[in-house]
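Rule-based calculations on the coordinates, nothing more; no lab input. Source: prediction; values computed, not measured. Every residue, glycine as well, gets a Cβ built from its backbone with ideal geometry; the counts of neighbours run over all protein chains shown.
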Amino acid sequence: MKILVNAQPLLTKKTGVGNYVLKISEEFLKTCPENEFSFYYGGLSVNSLDFTTGGMGGLKKVEGLRKLIMRIPKVRGLFGRIKKLASRRALQNQDFDIYFETNFVPELSVRAKKTVVMVFDLSFLNREWTPDYRYKFFFENFGKNLAKADLVLTCSETIKKEIIVHYGLPEKKVKSVYLGIDRSIFNPVHDSAIKTGMSGKYILFVGSIQPRKNISGLIKAYSKLSQELRAEYKLALVGFDSWNFDRKELPAGADIRLIENVADDRVLAEIYRNASLFVFPSFYEGFGFPPLEAMACGCPVIASNGTPLPEICGDGAVYFDPNSIAEITRSMENVLTGNILKKGLIENGYKTALRYNWQKTGSETLDIFRELLSGS
């Protein structure tokens, strides 16, 4: 098969989408070297992942320029038009068996026998969770472009059902494939050589800092813990500013610490291992890497009952209503003060994490590509 993969999510700070693109691409190359893979970076198409994974020193500059462009509406619009023209120029006179759009909206000018689109979630339908420019872009492009795809992939049965209902797609056109975690990195084995810059006991959150993640709810719930628990356990927020988050929301004092995105997964894994509790209060997710990574590292997890976390995390977590500050606080207290509950969560969480691996994700995805091309 001749497969084109949209690798543009690798050009920004690593999010769940970027992590997915990197890991599944590595599996493609490792397990099916007989196929011809091209990786598209927006105005550039290359036949390897080295453009970003081989030490591209300009990534920070690219991210900085992108953030600047996104803040200026007129420049953002011009950039979008130039990017579209560059895309078409880069891919003209090329034909593919499969065009794999990894980031929601396919480029319709790509010439391929079949187009497969990965849709992680429908969070962009909620204006409170989506920047205005992104909401406008999806409103104008997502539905019509999605209708022209041959197959839609997603990462949970919950989101699959949402897509079918909201866009009226036939069930056979939407398939779900669970994602994976890298257990060679995310595991319970401590590495004393890794310095995390953190000390003492702490409650942990990992993820982008944006409204959908319910950071303000977590901060309020933490502030409701008893003085004794807050004195014993600090709150660590590991992530990067995404949008619409005011650092002034962080109460003054040393109890709460906001840590910029940790680029090295080995350091992140050690942060998980040293945490006393992982809390994931998100209102809505597509899959949810952080709670599974925490489970794999032997950290007890409590999580929102928001879509689709109960499906993904199973009995490896205790769930709460993300809209209830009291429930979040009570769930934290129960685990921090209950040794039996904590031990059970660690055991069940580790077993749950074992179900997810990238080799299976890559294999199932390539099988779907083959079936689509064969017409079966």
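Data overview
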{"read-out": "Likely footprinting exposure, Met332, Met1, Met295, fewest C-beta neighbours within 10 Å first", "value": "Met1, Met332, Met295"}
{"read-out": "Sequence-distant residues sharing a close amide H with Lys201 (under 5 Å, placed H)", "value": "Lys234"}
{"read-out": "Under 5 Å, built H, 5+ apart or other chain: amide partners of Cys155", "value": "Val177"}
{"read-out": "About the Cα centre, charge dipole magnitude for the range 284-364 (Lys/Arg +1, Asp/Glu -1 at Cβ), debye", "value": "260 debye"}
{"read-out": "For the range 147-187 and the range 269-335, distance of Cα centres in Å", "value": "22 Å"}
{"read-out": "Most to least packed among 114-121, 335-342 [average Cβ atoms within 10 Å]", "value": "114-121, 335-342"}
{"read-out": "Extreme residue, positive dipole direction of the range 202-353, given options Asn339, Ile259, Val206 (C-beta unit charges)", "value": "Asn339"}
{"read-out": "Length added when fully stretched, Lys161-Lys343, from 0.36 nm per residue minus Cα-Cα", "value": "62.1 nm"}
{"read-out": "Net charge dipole size for the range 202-353 [Lys, Arg +1 and Asp, Glu -1 on Cβ; Debye, nearest 20]", "value": "240 debye"}
{"read-out": "Calculated from backbone phi, Karplus (6.51, -1.76, 1.60) coupling profile of the range 134-146 in Hz, x at Gly/Pro", "value": "6, 4, 4, 4, 5, 4, 7, 10, 5, x, 5, 6, 5"}
{"read-out": "Karplus-derived 3J(HN,Hα), 6.51/-1.76/1.60, for each residue of the range 185-196, Hz, glycine and proline x", "value": "9, 8, 8, x, 7, 5, 10, 5, 6, 8, 9, 9"}
{"read-out": "For Asn214, distant residues with modelled amide H under 5 Å away", "value": "Phe283"}
